[in-house]
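*Asks:* This structure is in structure tokens; I'll ask about it shortly.
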Amino acid sequence: MAGLMVIVAGSATAQPRGRLACRRADSRLGTLHMTACALVYLAADVLARSVLRTRPGGRAVTRVSGAMMIVIGGLLPVERLAG
């Protein structure tokens, strides 16, 4: 995947044409990164769901991890505003 990102970035920035070329390269890399992240998270979701359905404590793990994510999500803005 990193090799593909270098090729995409290299093709857009090999001949500098000003700010527009940099913006295009940034948007291509951003789109590629977002797509790669979406695929990885989708695969992790499918695997986690299949594993947790087969375990007796799967529902508890899901609820605890969900609660932890909510707490972390609430603390991040507080930390940002305080710091």
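The values are calculated or read from the model by the stated rules, or taken from the named source; none is laboratory data. This is a predicted model, so every value here is computed, not measured. No Cβ is skipped: glycine too gets one built from the backbone with ideal geometry, and neighbour counts run over all protein chains shown.
*Asks:* Just a yes or no: is a residue in the stretch 8-26 under 21 Å from the mean Cα position of the chain (by Cα), among the aliphatic types (A, V, I, L, M) and either in a loop (DSSP other than H, G, I, E, B) or at pLDDT below 85 (or both)?
*Replies:* Quick first cut of the stretch 8-26, residues under 21 Å from the mean Cα position of the chain (by Cα) only: 8-9, 23-26.
If we keep only those that are among the aliphatic types (A, V, I, L, M) too, we end up with 8-9, 25.
Keeping just the survivors that are either in a loop (DSSP other than H, G, I, E, B) or at pLDDT below 85 (or both) gives 8-9.
Within the stretch 8-26 (the criterion being under 21 Å from the mean Cα position of the chain (by Cα), among the aliphatic types (A, V, I, L, M) and either in a loop (DSSP other than H, G, I, E, B) or at pLDDT below 85 (or both)), the answer is yes, since at least one residue qualifies.
*Asks:* Another question, then. Inspect the stretch 45-67 for any residue being at pLDDT 85 or above and within 15 Å of the chain's Cα centre (by Cα) and give the result as yes or no.
*Replies:* Yes, because at least one residue in the stretch 45-67 is at pLDDT 85 or above and within 15 Å of the chain's Cα centre (by Cα).
*Asks:* Let me ask something else about it. Scan the stretch 56-78 and give yes if some residue there is part of a loop (DSSP other than H, G, I, E, B) and either in contact with a strand residue (DSSP E or B) (Cβ under 6 Å, 6 or more places away or on another chain) or not acidic (Asp, Glu) (or both), otherwise no. Spell out the reasoning first.
*Replies:* If we filter the stretch 56-78 for residues that are part of a loop (DSSP other than H, G, I, E, B), which is where we start, we get 56-57.
The next check asks that each one be either in contact with a strand residue (DSSP E or B) (Cβ under 6 Å, 6 or more places away or on another chain) or not acidic (Asp, Glu) (or both); those that pass are 56-57.
Yes, there is a match, as at least one residue in the stretch 56-78 is part of a loop (DSSP other than H, G, I, E, B) and either in contact with a strand residue (DSSP E or B) (Cβ under 6 Å, 6 or more places away or on another chain) or not acidic (Asp, Glu) (or both).
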